[in-house]
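S.K.: Quick one: the structure is below, and I'll ask about it shortly.
The values are calculated or read from the model by the stated rules, or taken from the named source; none is laboratory data. These numbers were taken from a predicted model, which means no experiment stands behind them. All Cβ positions, even for glycine, are placed from backbone atoms using ideal geometry, and neighbour counts span all protein chains on display. The accessibility values were calculated without ligands, DNA or RNA, using every heavy atom of the protein model including side chains. Shrake-Rupley method; radii C 1.70, N 1.55, O 1.52, S 1.80 Å.
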Amino acid sequence: MAIVVTVCCMVFVMVLGLDLPPRVYGEQQVPCIFIFGDSLADNGNNNGLVTKAKANYQPYGIDFPTGATGRFSNGRNTIDIIAEFLGFNDSIKPFAIANGRDILEGVNYASGAAGIREETGQQQGDRISMDRQLQNHQTIVSRIANMLGNDSATKSYLAKCIYLVGMGNNDYVNNYYMPKFYTTSLQYTPEQFAIVLIQQFSLQLRTLYRLGARKVALNGLGLLGCTPKELATYGTNGSSCVQFINDEVQFFNDKLRLLVDELNSNLTNANFIYVNVSGILSTDPALAGFRVVDTPCCEVGISDGLGQCLPLKAPCLNRTEYAFWDAFHPTEALNIVTATRSYNARSLFDAYPMDICSLAQL
């Protein structure tokens, strides 16, 4: 039995044997949560798109109360769990179906295969890029302003909300590392590509700030070189991961952390934080409980380049022992690890300059 207690807001998460942690209930700490991201956070926005990047079929959602919803997981994603920690009893609605007063609790704009760059993920079909997610958010902000009656009330309301942003994974796995479809790896060295991405991301985050965001958590990229898809594609030469991918992605993470300082220094009342996802996934002691870290729990089609679960195929039974659900996406069990330390950091390296729980209290 493992017990994790977050000190900041006294949220308790328990893992007992093979049981997944229960939902966490508590006082709602912020009025709303707005989510920008890719398939790690998508909870249904891609369901109606013409795209191969979909997860609204079995066995996805096998451990989620309402089954397959469009989440690229067997159960909750990291965003769902963080929302519970923040006191939300229901998950944040996807933009595709958010309406009425639901939007006052926030909106999830995330889209599988989406990236910072507009072209990222286009080989899979339609997806909602970061720029388009910001356009959708502008629509929602206008609707909130109509509900609240004036710009001053809207500005005050939005400044209290948490914004969770995780972008850039697909700019590597569905762009830079796909020379068959994209020329970015011919145009840029890995460090140059990280610079180009951060420059564009910086402009996008400043747009988010202009739309009212003041408490913003930026997820660093994870250990992309450890995903089953990249392991199958490149091999490891005896190591546990594809090291060159992790090294090249780290250029982006290092520059993202510096961007947090820049934004906080230059934007009035801005509170941006950096969540060190790759660091969390490298050091959490709970990872010792994962027996299988290099193989998906569900049966996947690696050769198709997607790495998603094949429809209606039975997944593994011992899902809490698997780090990966499909060839790219974590199981709910691993999402719990990431969410817990993102929300309540165990070390100074987990989140900078503070964790999500502390950000909520500002």
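S.K.: Under the definition of Cα pairs under 8 Å and six or more residues apart, what whole-number percent is the relative contact order of the chain?
M.R.: 18 percent.
S.K.: If you average the sequence gap of Cα pairs under 8 Å that are 6 or more apart and divide by the length of the range 45-89, what percent do you get for the contact order?
M.R.: Numbers: 53 pairs, mean separation 12.1, N = 45.
Relative contact order comes out at 27 percent.
S.K.: Could you work out Rg/(2.2 N^0.38 Å) for the range 66-210, with Rg from alpha carbons only?
M.R.: For the range 66-210, the normalised Cα radius of gyration is 1.16.
S.K.: Let me ask something else about it. Stokes-Einstein D for the range 32-103 at 20 °C, 1.002 mPa s, Kirkwood Rh over Cα pairs, in µm²/s?
M.R.: Estimated via Stokes-Einstein, D reaches 171 µm²/s.
S.K.: How large a share of the accessible area of the chain, in percent, is made up of carbon and sulfur atoms when the probe is 1.4 Å and the other protein chains stay in place?
M.R.: On the way: 8070 of 14930 Å².
Ligands and nucleic acids excluded, carbon and sulfur reach 54 percent.
S.K.: Within the set of other residues whose C-beta is less than 14 Å from the C-beta of residue 127, count the net charge using Lys and Arg as +1 and Asp and Glu as -1. Could you put the intermediate results ahead of the total?
M.R.: Working: positive: 52, 54, 117, 132; negative: 38, 42, 118, 119, 126, 131, 171.
Residues close to residue 127 contribute a combined charge of -3.
S.K.: What net charge is computed for the residues neighbouring residue 309, neighbours being all others with C-beta under 10 Å from the C-beta of residue 309, Lys and Arg scored +1, Asp and Glu -1?
M.R.: Working: positive: 313; negative: 299, 326.
Cβ neighbours under 10 Å give a net charge of -1.
S.K.: Right, next: Kyte-Doolittle mean at least 0.0 and Cα extent at least 24 Å along the axis: which DSSP H helices of the chain qualify?
M.R.: In the chain, the long hydrophobic H runs are 190-210.
S.K.: Shifting gears a bit: Can you say what percent of the DSSP beta bridges in the chain, counting only those with both residues inside, are antiparallel? Round to 5.
M.R.: Antiparallel bridges: around 35 percent, rounded to the nearest 5.
S.K.: Right, something else. Grab the eigenvalues of the alpha-carbon gyration tensor for the range 147-262, scale each by 5, take roots, and send me the semi-axes largest first in whole angstrom. Walk me through the numbers before you get to the answer.
M.R.: Values: eigenvalues 238, 43, 31 Å².
They are 34, 15, 12 Å, listed from largest to smallest.
S.K.: Further, regarding this structure: For the chain, just run the numbers: alpha carbon Rg, then divide by 2.2 N^0.38 Å, N being how many residues it has.
M.R.: So the Cα radius of gyration is 0.92 times the expected 2.2 N^0.38 Å.
S.K.: Heavy-atom accessible area per residue, the chain, 1.4 Å probe: how many Å²?
M.R.: About 41 Å² of surface per residue is accessible.
S.K.: How long are the semi-axes of the ellipsoid equivalent to the range 228-362, from square roots of 5 times the Cα gyration tensor eigenvalues, in whole Å, largest first?
M.R.: Numbers: eigenvalues 196, 64, 39 Å².
Values for the range 228-362, descending: 31, 18, 14 Å.
S.K.: For residue 282 and residue 347, calculate 0.36 nm times their separation in residues minus their Cα-Cα distance, and state this gained length in nm to one decimal.
M.R.: Stretched out fully, the residue 282 to residue 347 stretch lengthens by 22.1 nm.
S.K.: List the residues whose amide H sits under 5 Å from the amide H of residue 51, counting only those 5 or more places along or on another chain, with H placed 1.01 Å from N in the peptide plane.
M.R.: Long-range HN contacts for residue 51: 126.
S.K.: What is the local net charge at residue 210, summed over the other residues whose Cβ is closer than 13 Å to its Cβ (Lys, Arg +1; Asp, Glu -1)?
M.R.: +2
S.K.: Can I ask one more? Sort 27, 248, 118 by heavy-atom solvent-accessible area, probe 1.4 angstrom, most to least. Mind showing how you got there, number by number?
M.R.: Numbers: 27 155, 248 35, 118 85 Å².
I get 27, 118, 248, largest accessible area first.
S.K.: Now for a different question. Put +1 on the Cβ of every Lys and Arg and -1 on every Asp and Glu Cβ in the chain; which of 172, 222, 100 then has its Cα farthest towards the positive end of the dipole?
M.R.: Of the options given, the answer is 100.
S.K.: Any idea what Rg and Dmax come out to for the range 293-349 if you just take the C-alpha atoms, in Å?
M.R.: When restricted to the Cα atoms of the range 293-349, Rg and Dmax are 13.5, 43 Å.
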